[in-house]
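Undergrad: Take a look at this one; I'll ask things after.
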Amino acid sequence: MIRSIAAALIITSFSVAAAQAAEKASASLINIEGKEIGVAHLVQGPNGVLLHVKVSGLTPGKHGLHLHSHGVCEPGAGFKTAKGHVGKVEGAHGLLNPKGPEPGDLPNIFVGADGTGEMEAFTTLVSLKGDETLLDANGSTFIIHEKADDHITQPIGGAGARVACGIIK
């Protein structure tokens, strides 16, 4: 009986550990020259995903940050290979948009005078598990833009060119 309970606890502990490991992801962020400039970590919670992003080597100020629908980062193509936002809804871009937000919309990241930035955000609009996930067959990416996202202007909040990209794995 005690052996059965011990075996069940070991199996349960292994299953919980495996499930927790499967519910984390990260992305190494590269700039337009292909140089690594930061990292993003994602952790699946019971009701959404917690994101932590840390970057360096960017211009000071706010930068738009979005989740894109394809796991491809080609600097020479201006990161256009990442395609549009996750869950793109025509005319619904922006955290302040009455028709939005789209699942790929995130708050801006602020970069200080030293070129470094860090942010943490939580979103209920995406997932690391289930049928429609950031880790699906197409993959997904983080994209950082050259300017701030105003969270309402179409199509990308006036955020400008894509200056960094990271494939979520």
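The values are calculated or read from the model by the stated rules, or taken from the named source; none is laboratory data. Small disclaimer: the values here were computed from a predicted structure and weren't measured. All Cβ positions, even for glycine, are placed from backbone atoms using ideal geometry, and neighbour counts span all protein chains on display.
Undergrad: From the list Gly91, Gly115, Gly157, which one is at pLDDT below 95 and surrounded by fewer than 20 Cβ atoms within 10 Å (Cβ to Cβ)?
TA: Of the residues listed, the single one that is at pLDDT below 95 and surrounded by fewer than 20 Cβ atoms within 10 Å (Cβ to Cβ) is Gly91.
Undergrad: Looking only at residues that are touching a residue at least 60 places away in the same chain (Cβ under 8 Å) and among the charged types (D, E, K, R) in the stretch 133-154, which one is surrounded by the most Cβ atoms within 10 Å (Cβ to Cβ)?
TA: Asp149
Undergrad: Ser28 - would you say it is surrounded by fewer than 15 Cβ atoms within 10 Å (Cβ to Cβ), among the small types (Gly, Ala, Ser) and either at pLDDT below 95 or over 18 Å from Asp149 (Cβ atoms) (or both)?
TA: In short, no.
Undergrad: Just one of (1) surrounded by fewer than 21 Cβ atoms within 10 Å (Cβ to Cβ); (2) within 17 Å of the chain's Cα centre (by Cα); (3) not charged (D, E, K, R) trips up Thr59, so point out which.
TA: In the conditions (1) surrounded by fewer than 21 Cβ atoms within 10 Å (Cβ to Cβ); (2) within 17 Å of the chain's Cα centre (by Cα); (3) not charged (D, E, K, R), Thr59 misses (2) alone.
Undergrad: How many of the residues in the stretch 102-125 are under 15 Å from the mean Cα position of the chain (by Cα) and either assigned to a loop (DSSP other than H, G, I, E, B) or closer than 15 Å to Val43 by Cβ (or both)?
TA: Of the residues in that region, 13 qualify.
Undergrad: Do the conditions hold for Gly130, that is, is it surrounded by 18 or more Cβ atoms within 10 Å (Cβ to Cβ) and either within 22 Å of Ala25 (Cα to Cα) or not hydroxyl-bearing (Ser, Thr, Tyr) (or both)?
TA: When the stated conditions are applied, Gly130 does not pass them.
Undergrad: Okay, next question. If I filter the stretch 126-169 down to residues being among the polar types (S, T, N, Q) and in a loop (DSSP other than H, G, I, E, B), which single residue comes out as nearest to His66 (Cα to Cα)?
TA: Among those that are among the polar types (S, T, N, Q) and in a loop (DSSP other than H, G, I, E, B), it is Ser140.
Undergrad: Then there's this: On the basis of being buried (at least 22 other Cβ atoms within 10 Å of the Cβ), in contact with a Gly (Cβ under 9 Å, 6 or more places away or on another chain), of a type in the set (A, V, I, L, M) and closer than 16 Å to Ile152 by Cα, does Leu65 make the cut?
TA: No, not satisfied.
Undergrad: Could you check how many residues of the stretch 42-72 are within 23 Å of Lys129 (Cβ to Cβ), in contact (Cβ under 8 Å) with a residue 24 or more places away in the chain, in a loop (DSSP other than H, G, I, E, B) and not hydroxyl-bearing (Ser, Thr, Tyr)?
TA: Count: 4.
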